[in-house]
Amino acid sequence: MTAKPSTTLAAAAIVIAILGSALSANAIEVKKKLMMPGPSDSSGGPASGPPPANPMNAGQRQALQDAVASDSEQSLAEESEKKSSGQNYVDLDHAKFSYMPTSSTVTAKLSAPECKGKKGGASSCTKTGTEKTLVFKYKIDGNKLAQADPPKWEEAAADTKEAKKK
């Protein structure tokens, strides 16, 4: 006795449906596990909860901005002089500001691209592919900041088209 082709086809369809539903059910369980919040572990797993609060209060942040503005004036003047004389300069007018506080100190950074100098100090910046960072380090004393180290320059490759060509 031989099976009819329609019966064999129906049996195969049922087997495929059963296997497919079992696999998709397992996939749903995996997805649920990935989406569930869990405790953060030291192995670099996802952290749950809100990000940590900024350890600096509003007065300290304002004092930091004032200190960086004051302490960067000399560097800003030097870079402006370089620009007007046609030398390579750091475009501090468009610098990115960042800071990293600890319990007793704060490190502030002004990062900007280095630009090719042009005679007459043309206003457009042609990036050299280098990013320079002016680093300030301050000691925190209440809402007051005291300069811990003089400002210093750090250099890093910028993510620009010019840097990628090199």
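Structural remarks
- Here the range 60-128 exposes an accessible surface that is 47 percent carbon and sulfur, computed with a 1.4 Å probe and the other protein chains kept in place.
- Gyration tensor verdict on the range 46-93 (Cα atoms; rounded if a/c is under 1.5, prolate if a/b is larger than b/c, oblate otherwise): oblate
- Pairs from the list Lys109/Lys132; Lys96/Lys139; Lys109/Lys152; Lys96/Lys119; Lys82/Lys137 with a Cα-Cα gap above 20 Å: Lys96/Lys139; Lys96/Lys119; Lys82/Lys137.
The values are calculated or read from the model by the stated rules, or taken from the named source; none is laboratory data. Note that the structure is a prediction, hence the values are computed from the model and not measured. Keep in mind that these areas ignore ligands, DNA and RNA; they rest on the heavy atoms of the full protein, side chains included. Shrake-Rupley method; radii C 1.70, N 1.55, O 1.52, S 1.80 Å.
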